[in-house]
1. Would you mind stating whether Asp374 is over 22 Å from the mean Cα position of the chain (by Cα), in contact (Cβ under 8 Å) with a residue 40 or more places away in the chain and over 26 Å from Ile239 (Cα atoms)?
2. Looking at the structure I just gave you, is Ile395 crowded, with 19+ Cβ neighbours inside 10 Å, of a type in the set (A, V, I, L, M, F, W, C) and touching a residue at least 60 places away in the same chain (Cβ under 8 Å)?
3. Condition check: touching a residue at least 24 places away in the same chain (Cβ under 8 Å), surrounded by 23 or more Cβ atoms within 10 Å (Cβ to Cβ), within 23 Å of the chain's Cα centre (by Cα) and part of a helix (DSSP H, G or I). Does Leu238 satisfy that?
4. List the residue pairs whose Cβ atoms are under 9 Å apart, where the first residue sits in region 476-490 and is surrounded by 10 or more Cβ atoms within 10 Å (Cβ to Cβ), the second is modelled with pLDDT under 60, and the two are 6 or more positions apart or on different chains.
5. Specify which of the listed residues (Ser390, Ser367, Ser409) is under 23 Å from Ser439 (Cα atoms), at pLDDT 85 or above and either over 22 Å from the mean Cα position of the chain (by Cα) or not charged (D, E, K, R) (or both).
6. Just wondering, is there one or more residues in region 188-196 that are surrounded by 13 or more Cβ atoms within 10 Å (Cβ to Cβ), in a helix (DSSP H, G or I), touching a helix residue (DSSP H, G or I) at 6+ places or on another chain (Cβ under 8 Å) and modelled with pLDDT of 85 or more?
7. Among the listed residues Lys213, Lys154, Lys219, identify the single one that is in a helix (DSSP H, G or I) and either surrounded by fewer than 20 Cβ atoms within 10 Å (Cβ to Cβ) or not hydrophobic (A, V, I, L, M, F, W, C) (or both).
8. Restrict the check to region 433-441 and report whether at least one residue is over 30 Å from the mean Cα position of the chain (by Cα), surrounded by 15 or more Cβ atoms within 10 Å (Cβ to Cβ) and at pLDDT below 90.
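The values are calculated or read from the model by the stated rules, or taken from the named source; none is laboratory data. Just so we're clear, the structure is a prediction, and the values are computed from it rather than from any experiment. Glycine gets a Cβ as well: all are built from the backbone with ideal geometry, and neighbour counts include every protein chain shown.
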Amino acid sequence: MKAIKKLSSDTAIYGISSIVGRFINWVINPYWTFMFSDQAQLGRISNIYSYVAFLFVILTFGMETGYFRFASNSEKKNTVFSTSFFTVSILSFLFLIFTILFKSNIASASFIDLLGHEDFIVIMALTLVLDVISTIPFAKLRLDNRPIKFAALKIINIFIFVSLNVFFLTVCPILHENFSNNFLISWYNEDYGIGYVFISNLIASIVTLITLKKELIFKFEYDSELFKKMIIYSFPILIVGITGMINQNIDKILIPIMMDESLEPMKQLGIYTASFKLAVVLNMFVQAFRFAFEPFIFSQKNDDNSRYIYAIVMKFFIIIGLFIFLGMSTFLDLAKYLIAPEYREGLKIVPVILMGNLFMGIYFNLSLWYKLTDKTKIGAYLGIFGAVVSILMNIILIPVIGYWASALSILICFLLMSIVSYLLGQKQFKIPYDIKRFSLYLFISIIFFLFYWFVRTDSNPHFEISILLNVLFLILIYFVERKEFKLLFNLK
């Protein structure tokens with residue numbers, strides 16, 4: 001039980017930093033909706049960052065999880081770090097050289113369409129390389145149980161990014177309008193638009209890498225045999241990462257491709273993105289949990305009670321996730337004021353995305369079985385299965401129901417992946433998950449949500465009912481789980 005307390009503590013630290021950091025970062029999305037009245041501009045930002053997310057996974061090559069696997073309980077942690085860092089650094093610099101050499105070809109590609117803005121490509125490529133290089137040092141902080149420094153650096157990065165956005169998009173236009181002849185503001189180009197978003201990101205990444213300088217001071221030790229083992233272990237993780245990015249980001253790539261031009265697909269993507277970002281509260285929780293959980297499962301694998309601990313962790317993860325889902329879904333009428341009116345037509349997809357994010361977290365939780373048994377190939381197969389479902393749903397349904405197809409694909413994809421992973425995992429690495437209670441809580445939260453949306457109206461959102469339903473859900477959880485709550489609160 002001390003292990004659960006440690007996980008709770010680390011999750012709290014990662015959670016607070018993730019909540020604070022992602023809240024600061026999240027603020028930028030509503031801010032962009034007010035800065036870019038043309039929804040297509042936000043759509044373009046979302047589209048570019050989706051490609052960046054794919055490339056980030058490819059360039060890190062699963063080495064983050066590989067580092068945890070081989071550095072845990074190892075006497076050669078420096079060798080593992082050095083080998084991991086060297087691998088991702090070489091891949092990154094080769095990518096950067098390739099991008100610079102072929103930036104015009106990339107910009108003219110129909111699926112990118114950045115002709116005339118080749119500088120955007122170079123800026124984002126350099127930013128990506130800096131972020132990839134920072135990955136292993138950040139993993140080292142997590143493995144060394146230094147969540148406070150990890151959290152602080154993440155928050156600083158996001159704070160710089162958001163602050164520079166405000167400076168470039170709000171402060172500079174005011175200064176340029178009133179002091180256009182001043183040489184201090186003469187560099188500003190009001191037509192550069194979303195380019196300043198990318199410049200802000202680059203500066204933030206440079207600062208982050210500088211703050212990791214202590215972690216970057218190490219003795220270079222490259223072990224070719226270790227490298228081979230890490231590649232064999234990490235390659236399936238890479239496939240899992242790529243398929244995960246497909247499940248989370250392929251929608252933002254396919255909407256502009258699959259939607260009819262008459263419907264202004266980039267505009268629709270902007271509306272979809274604004275609503276998608278409102279589900280970030282649950283995503284924050286999942287991300288915070290992920291940061292603490294991955295090193296945790298490897299550290300507990302030799303404990304006699306590890307499987308029971310994993311089951312308890314899953315139960316409370318689901319309880320918290322469902323509470324966030326219900327709270328966000330029943331208070332959307334308040335959340336809508338956070339984005340500009342031009343973007344509000346997409347708000348009805350938020351509950352679907354929230355539930356999809358919950359099952360994404362459940363799937364991540366379930367994935368521990370193939371990581372602990374070194375059967376990461378199965379994780380790759382599961383990822384491929386989910387990616388196929390996501391791609392097919394988007395390709396088939398986007399032309400019919402627009403961005404609703406993308407929201408539904410996230411939910412169905414992770415739901416199916418969770419079911420399949422659970423069935424396979426129970427055969428390979430049986431964990432006593434409490435499926436009956438999970439099903440009960442899921443059913444009740446959905447019934448409460450549907451009841452609220454049945455009684456609410458646009459003129460009267462009935463927030464008193466929202467509060468009542470959320471309180472009732474918490475009371476129910478307490479009475480059903482009160483014995484385990486008491487056990488957890490009395491841990492020593």
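1. no
2. no
3. In short, no.
4. Leu487/Met1; Leu488/Met1; Leu488/Ile4; Leu488/Lys5; Leu488/Ser8
5. Answer to the selection: Ser409.
6. Checked against the condition, which is being surrounded by 13 or more Cβ atoms within 10 Å (Cβ to Cβ), in a helix (DSSP H, G or I), touching a helix residue (DSSP H, G or I) at 6+ places or on another chain (Cβ under 8 Å) and modelled with pLDDT of 85 or more, region 188-196 yields at least one hit.
7. Only one candidate qualifies: Lys154.
8. Within region 433-441, none of the residues are over 30 Å from the mean Cα position of the chain (by Cα), surrounded by 15 or more Cβ atoms within 10 Å (Cβ to Cβ) and at pLDDT below 90.
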